[in-house]
Structure formats: C-alpha cells, structure tokens
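K.L.:
The structure's right below; bear with me while I get my questions together.
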Amino acid sequence: MSVPTPCGVSQPAHPAGGPSAPPRGFPLAFPLDVPLDVPLDAIFGAALGGSADPRSKIRRFSSPMTRMLLTSDGLTTTLLEAMAGESLHLHCLAQLRAPAHATGDGVPPLLRIDAGGDVLVRYSAATRRAGPALSVNHVVARLGLAPGIEACLTSTSIPLGPALHAAGTGHRRTLLDAGRRMWRGEGGVTRPACYKTYLVWHGDEPLALIDELFNPGTVPAG
C-alpha cells in the first residue's frame, strides 16, 4: 500500500446536492458483518455464541501474535509498534462528513443516532518511518458527543487510540467482528489479511465504529 498524504475534513454537500463523495477507493459504507436481527445488548455483550461470536473466529488463527492483537481491548498502536520494533506514524487517507444512513443500515442503531444525522467517516494508515502501511483503519464516528472529542477524531498527527486515551475516553471497547479480508499491496497485488471491528465508548454512549485491517506481511493471517 503506497504511503498516503494528510487530508482535511470535507463538509457535506447535502441536502441539495446529496452527500459528499469520498475519494476514490474509500467507500462510505462501513464493513459491518454482524447480525442485525438480534438484540443490540447481545451484540454489545459478545453473547452471540457459535460461529457469530468474534472470539470463536479469532481462535481459528494459527498465530498467537495475531490472536493476541485481535482479542486485545487495549491500544492497537502499542501492540503494532511492539511487533514492528519502532514507532509508527499516522497518515490520514480521507475524512468527510456524511449522513449516517449512507454508511450502512447497522451504523445508526449501533451508534444510537438518527439515520439522517451526520457522522464522521475517516480512513487512516499506521506506517513505518519508511515503508508500507502496517494497518488501515476505517472509522465512522458520532459528532458533537463531547467537547474536545472531535479534535481526537480528526487529528492528522496522533493515532485515534492514544488521542482518545489522552482525552479521557476510549477506555472501553466492544469487539463486534474479526476475520479475513483482502489486503491490496504494492502493484495491486492482493493477499488475505486479518481484521477486527469494534465499538469505542465514551462513558455509556457509543462514540465510534472502527474497522482495522492489518498488513499480512506484519500480522500473519493464517
């Protein structure tokens, strides 16, 4: 994956012209692969059971390092830096505001917001000082939940986890899904990679849905 450049936040063009269009290759729809026909408290409680339980999916990975990364409810950046043996750098790929309904049917109920309300859609990558990205994050977040939080969500220099931690939020995360998805590397070559999807809370309110896809060259997907 090529090293991206920093970006700002696009303002929505709706309602007159429809929602802002994200840069090519960065869809608005959040990759949410959880059943929506079960009570939300079952999803939040990781009580789905069977093959739908993300913990059972994680146990299928052969690498202990991968299982630890996917099950951890701590800061992913810290674990990735330990695996990389160096500090990582944040690169913003895309940021814009969009109506919640444009990001997928599951987003409004999970974030407890009106489908017509705006959310922040953000893509970012954690990279080595020189080299490919180690992970790519897709975030859909509530706006206006608390003073100072939006600065964390839109920072182009500090990773989201450490920024939220410093601001006094992001201490609770609910794992929603984990599995494999394709990673597109240099030259357009694709390889299976592991991902995890989780919800970050601010107090008792859901703040952001985060999907993290990890470079299979660093995090084994077998």
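The values are calculated or read from the model by the stated rules, or taken from the named source; none is laboratory data. Keep in mind the model is a prediction, meaning the values are calculated, not measured. Cβ coordinates were reconstructed from backbone atoms using ideal geometry, including for glycine residues, and neighbour counts include every protein chain displayed. What goes into the accessible areas is simple: the full protein's heavy atoms, side chains included, and nothing from ligands, DNA or RNA. Shrake-Rupley method; radii C 1.70, N 1.55, O 1.52, S 1.80 Å.
K.L.:
Determine whether the stretch 114-136 contains at least one residue that is more than 27 Å from residue 222 (Cβ to Cβ), touching a residue at least 40 places away in the same chain (Cβ under 8 Å) and more than 14 Å from the chain's Cα centre (by Cα).
P.N.:
Taking every residue of the stretch 114-136 in turn, at least one turns out to be more than 27 Å from residue 222 (Cβ to Cβ), touching a residue at least 40 places away in the same chain (Cβ under 8 Å) and more than 14 Å from the chain's Cα centre (by Cα).
K.L.:
How many residues, within the stretch 64-109, are over 15 Å from residue 138 (Cβ atoms), in a helix (DSSP H, G or I) and polar (S, T, N, Q)?
P.N.:
Residues in the stretch 64-109 being over 15 Å from residue 138 (Cβ atoms), in a helix (DSSP H, G or I) and polar (S, T, N, Q): 4 in total.
K.L.:
From the list 173, 181, 191, pick out the single residue that is surrounded by fewer than 19 Cβ atoms within 10 Å (Cβ to Cβ), part of a strand (DSSP E or B) and in contact (Cβ under 8 Å) with a residue 40 or more places away in the chain.
P.N.:
Working: 173 fails: surrounded by fewer than 19 Cβ atoms within 10 Å (Cβ to Cβ); 191 fails: in contact (Cβ under 8 Å) with a residue 40 or more places away in the chain.
Step by step, each of 173, 181, 191 is checked, and only 181 is surrounded by fewer than 19 Cβ atoms within 10 Å (Cβ to Cβ), part of a strand (DSSP E or B) and in contact (Cβ under 8 Å) with a residue 40 or more places away in the chain.
K.L.:
Has the stretch 72-87 got at least one residue that is in contact with a Phe, Trp or Tyr (Cβ under 7 Å, 6 or more places away or on another chain), in contact (Cβ under 8 Å) with a residue 60 or more places away in the chain and either open to solvent by 50 Å² or more (accessible area, probe 1.4 Å) or of a type in the set (S, T, N, Q) (or both)?
P.N.:
Checked against the condition, which is being in contact with a Phe, Trp or Tyr (Cβ under 7 Å, 6 or more places away or on another chain), in contact (Cβ under 8 Å) with a residue 60 or more places away in the chain and either open to solvent by 50 Å² or more (accessible area, probe 1.4 Å) or of a type in the set (S, T, N, Q) (or both), the stretch 72-87 yields no hits at all.
K.L.:
Give the stretch 194-222 a look and list any residue that's open to solvent by less than 10 Å² (accessible area, probe 1.4 Å) and in a loop (DSSP other than H, G, I, E, B), or say none.
P.N.:
219
K.L.:
Mind checking which residues of the stretch 121-149 are open to solvent by 50 Å² or more (accessible area, probe 1.4 Å), of a type in the set (Gly, Ala, Ser) and either touching a Phe, Trp or Tyr at 6+ places or on another chain (Cβ under 7 Å) or within 14 Å of residue 89 (Cα to Cα) (or both)?
P.N.:
Of everything in the stretch 121-149, just one residue is open to solvent by 50 Å² or more (accessible area, probe 1.4 Å), of a type in the set (Gly, Ala, Ser) and either touching a Phe, Trp or Tyr at 6+ places or on another chain (Cβ under 7 Å) or within 14 Å of residue 89 (Cα to Cα) (or both), namely 130.
K.L.:
On to the next question. Of everything in the stretch 111-133, what is touching a helix residue (DSSP H, G or I) at 6+ places or on another chain (Cβ under 7 Å) and among the β-branched types (Val, Ile, Thr)? Give them in sequence order.
P.N.:
Answer for the stretch 111-133, where residues must be touching a helix residue (DSSP H, G or I) at 6+ places or on another chain (Cβ under 7 Å) and among the β-branched types (Val, Ile, Thr): 113, 119, 121.
K.L.:
Another question about this same structure. Determine which single condition residue 152 fails, assuming it passes every other condition in (1) open to solvent by 10 Å² or more (accessible area, probe 1.4 Å); (2) over 18 Å from residue 26 (Cα atoms); (3) touching a residue at least 40 places away in the same chain (Cβ under 8 Å); (4) under 15 Å from the mean Cα position of the chain (by Cα).
P.N.:
Unmet for residue 152, out of (1) open to solvent by 10 Å² or more (accessible area, probe 1.4 Å); (2) over 18 Å from residue 26 (Cα atoms); (3) touching a residue at least 40 places away in the same chain (Cβ under 8 Å); (4) under 15 Å from the mean Cα position of the chain (by Cα): (3).
K.L.:
Determine whether the stretch 103-110 contains at least one residue that is at pLDDT below 90 and under 24 Å from residue 221 (Cα atoms).
P.N.:
No.
Matching residues to (1) of a type outside the set (Ser, Thr, Tyr); (2) at pLDDT 85 or above; (3) out of contact with any Cys (no Cβ under 8 Å at 6 or more places or on another chain):
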| position | (1), (2), (3) |
| --- | --- |
| 34 | yes, no, yes |
| 43 | yes, no, yes |
| 50 | yes, no, yes |
| 67 | yes, yes, yes |
| 72 | no, yes, yes |
| 89 | yes, yes, yes |
| 96 | yes, yes, yes |
